[in-house]
Amino acid sequence: MTIDWGIIFESVPLLGQGVVVTLQVSALAAVLGLALGVVLGLGSLSHSRPVRWLVAAYVDFIRGTPLLIQIFLVFFALPILGIRFDEFWAGVVALSLNSAAFVAEVVRGGVGSIERGQSEAATAIGMRHRQILVHILLPQAYRQMVPPLTNELISLVKNSSLLSVISVYELTRAGQAIISVHFVPFEIYTLLALYYYVLIKVLSWLSGRLERKLPTW
C-alpha cells in the first residue's frame, strides 16, 4: 500500500479549520453542560420529591438513549415544535443537554461523599438545606469532581464527531469532505485519529495540572 504523503501535508491546515470548530463546540457545550449539570445535581439532592423525580427522569432518559438520537431530536424534531437551531447551535445544545446529565451524577456523587456530620453541624447552627449545599458541601466536593468532570470533557470532545451527521464542519466532517474529493480514507482517518489523540492528551495534561493546584481540605 502506498501512502499519499502529499495529500496528508495538504490536509493538515484544512483539518485545522475543523479543529477550531470542534474546540468551539466543545467549549460552549462544556460550559453550558456544566452550568445545567450543577443545577440538576443539586436538584437531585433537593428535599422536594417532585424535583428529585424530574431530575432522575431526565438523567435516566439521557443516559438510556444514544447521543446520535438526541442530536437528531434537537435538529429535526424541535423545529416541529417551533424551536429551530442552525447546525452549529443544534450541536451545541444536543451536547450540552447530554453532558448535563452526566455532570449531574458527578455533582450528586461528589456532594454525597462529604462527611454527613458537616451537614448536621450546619443544620444545628440554623443553615437551610440550600445554603448547606451551596456554601458547605459543594465547595469541598469540587476537588473530587475534577477527574470525572475531565473524563466527561474528554467524552464531549470525542462525541463532537457525531455532529458530522448534521453537517457541522467540525474535525470529522472536515476529514470526510477531503475523503469525498481525494478518496484517501486511510490517510485521512489516520490523521483524524492523531488529531483527536493530541487534543485528548492536552486536555488530560491540563486536568492533571489543575488537580495538583487545587487546595486540599
*Identify which of the listed values of Cα extents along the principal axes in Å was calculated from the structure shown: (i) 50, 39, 26; (ii) 54, 34, 29; (iii) 73, 46, 23.*
(iii)
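Using R₀ = 22 Å, calculate the FRET efficiency as 1/(1 + (r/R₀)^6) where r is the Cβ-Cβ separation of E10 and S167; round to 0.05. If you can, show how the numbers build up before the last one.
Numbers: r = 22 Å, r/R0 = 1.02.
It comes to 0.45.
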*Kindly write out, for segment 67-83 in residue order, the coupling ³J(HN,Hα) from the Karplus curve 6.51 cos²θ - 1.76 cosθ + 1.60 (θ = phi - 60°), rounded to whole Hz, with x marking Gly and Pro.*
4, 4, 5, 5, 4, 5, 4, 5, 7, 9, 8, 4, x, 5, 8, x, 10
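Using the per-residue mean of other Cβ atoms lying within 10 Å as a proxy for protection, in what order, highest first, do the peptides 22-31, 169-178, 56-65 fall?
Sorting 22-31, 169-178, 56-65 by mean packing, highest first, produces 169-178, 22-31, 56-65.
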*What does the highest-first list of 33-40, 195-202, 14-21 look like by mean Cβ count within 10 Å?*
33-40, 14-21, 195-202
_I want to check the label-to-label distance for F72 and E87. Put each point 7 Å from Cα in the C-beta direction and report it in nm to one decimal._
1.8
*asked:* Per residue, how large is the accessible surface of the chain? Use a 1.4 angstrom probe and give square angstrom.
replied: 57
_Around I62, under 13 Å between beta carbons, what's the net of Lys plus Arg minus Asp minus Glu among the other residues?_
-2
*About the Cα centre of the chain, what is the dipole size in debye to 20, counting +1 per Lys and Arg Cβ and -1 per Asp and Glu Cβ, all else neutral?*
860
_Need the full-extension length gain, W205 to A193, defined as separation in residues times 0.36 nm minus the C-alpha distance. One decimal, nm._
2.5 nm
*With runs of 4+ DSSP H residues as the only contributors, calculate the mean residue ellipticity of the chain at 222 nm using -39,500 (n - 2.57) per run, divided by the residue total and rounded to the nearest 500.*
-25000 deg cm²/dmol
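First select every other residue whose beta carbon is under 14 angstrom from the beta carbon of Q24; then total the charges, Lys and Arg +1, Asp and Glu -1. Numbers along the way, then the final one.
Working: positive: R173; negative: D86, E87, E170.
Combined, the nearby Lys, Arg, Asp and Glu give -2.
The values are calculated or read from the model by the stated rules, or taken from the named source; none is laboratory data. Only a predicted model underlies this, so the values are computations on that prediction, with no experimental measurement involved. Note: ideal-geometry Cβ built from the backbone for every residue, glycine included; neighbour counts use all protein chains shown. Quick note on the areas: whole protein, heavy atoms, side chains included, nothing else; ligands and nucleic acids left out. Shrake-Rupley method; radii C 1.70, N 1.55, O 1.52, S 1.80 Å.
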